[in-house]
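This report refers to the structure that appears directly beneath it.
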Amino acid sequence: MSEGLKKEAVQFAEQQYRLYGDIILPQQKQVKKRDIVVLKDNSSPTLFEAVPKDSWFRRQIQEIEEEWVEAKSLDALEQGICNCRKCLLWEGRDKFVFGTGNPHADVVVIGEAPGADENKQGKPFVGDAGKLLTKILAAINFSRDDVYICNILKSRPPGNRRPEHSEVETCIPYLYKQLDLLKPQFILALGLTAAKALLGTTKAMKDLRGSVHDWHGISMIVTYHPAALLRNPYWKRSTWEDVRLLRKLYDSWNAEKS
Ligand code: SF4
């Protein structure tokens, strides 16, 4: 084995140990486009097809007669909605958690809602689950600044309880506007709440992960929320497979467009 290959193998093993401790993960086979299961409705475009991704998102918010709908930048949008009191969650809010990261990102990571640390700092994924998310992204060679990170809800549910359906319905137009401005190529949905809110499905995580969902022209991967991984390390292996699939898709897309 050459010195270069040895170095790569050692780096891979170290990265695996940092992420997953003693869990040994097999090398995943190269993902080819023909291997990708694309779940789509008939009106959706083909994976990687150039589409006007903003049209669906615009349609979701066009009836809302509020100033933020016309925001031309993420900063303007945040300013326009940061004092929102549309649902009761504003009452427990210390800080509004809009989102952070690269405003030109091709990958948007979407979680459920802010927790205690996020509520204090006004940033998504900054607690223990956030640290694990940083490691998961690093394992597929993304830094937090390469992607954009946000949640379905912008205010913290009390005691980190699961968001209620009405709260999701009230808050999700803000996310649609964020996506309309970001125009990502890929979404990584973390946890069942985010996946269900976006896909409008009642399926279980086992039926949603491991595939590519074509969501209004955006390729979406669903995987476990890092907070769930902290409670159940058994799911880390599946998460690793999911994020590696995301990376392979991203690399294929980059290769196709260049
Ligand atoms: S959760 Fe969303 S809808 Fe509810 S108060 Fe916060 S920003 Fe407004």
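Can you give me the relative contact order of segment 54-257 as a percent, contacts being Cα pairs under 8 Å and 6 or more apart?
22 percent
Using Cα pairs closer than 8 Å and at least 6 residues apart in sequence, work out the relative contact order for segment 66-173, in percent. The partial results should precede the final answer.
Numbers: 159 pairs, mean separation 35.0, N = 108.
Once divided by the residue count of segment 66-173, the mean separation gives 32 percent.
Please report, in whole Å³, the volume per residue of the convex hull around the C-alpha atoms of segment 54-257.
114 Å³
In which sequence would Ile61, Ile81, Ile221 go, from the one with the fewest C-beta neighbours within 10 Å to the one with the most?
Values: Ile61 17, Ile81 21, Ile221 25.
With the fewest neighbours first, Ile61, Ile81, Ile221 line up as Ile61, Ile81, Ile221.
For segment 133-189 and segment 223-258, what is the separation of their C-alpha centers, rounded to whole Å?
15 Å
Give me Leu5, Leu246, Leu88 sorted ascending by neighbouring Cβ count inside 10 Å, so fewest comes first. Present the calculation step by step, with values, prior to reporting the outcome.
Values: Leu5 9, Leu246 23, Leu88 14.
Least to most surrounded, the residues fall as Leu5, Leu88, Leu246.
Using θ = phi - 60° and the Karplus relation 6.51 cos²θ - 1.76 cosθ + 1.60, list the HN-Hα couplings for segment 151-168 in order, rounded to whole Hz, with x at every Gly or Pro.
Ordered by residue, 3J(HN,Hα) equals 10, 5, 9, 9, 10, 7, x, x, x, 6, 5, 5, x, 7, 4, 5, 5, 4 Hz.
Provide, in order from the shortest bin, the percent of all Cα-Cα pairs of segment 71-150 in each 10 Å bin, continuing until the bin that contains the maximum pair distance.
18, 48, 28, 6
With every atom except the alpha carbons ignored, what do you get for Rg and Dmax of segment 56-115, in angstroms?
Computed over the Cα atoms of segment 56-115, radius of gyration and Dmax are 13.0, 34 Å.
Among DSSP beta bridges lying fully in segment 54-257, give the percent that are antiparallel, nearest 5.
30 percent
Any read-out appearing in this document is the output of simple, stated calculations on the displayed coordinates, not a laboratory observation. No experiment lies behind these values; they were computed from the predicted model shown. Using ideal geometry, Cβ is built from the backbone for each residue, glycine included, and neighbour counts are taken over all protein chains shown.
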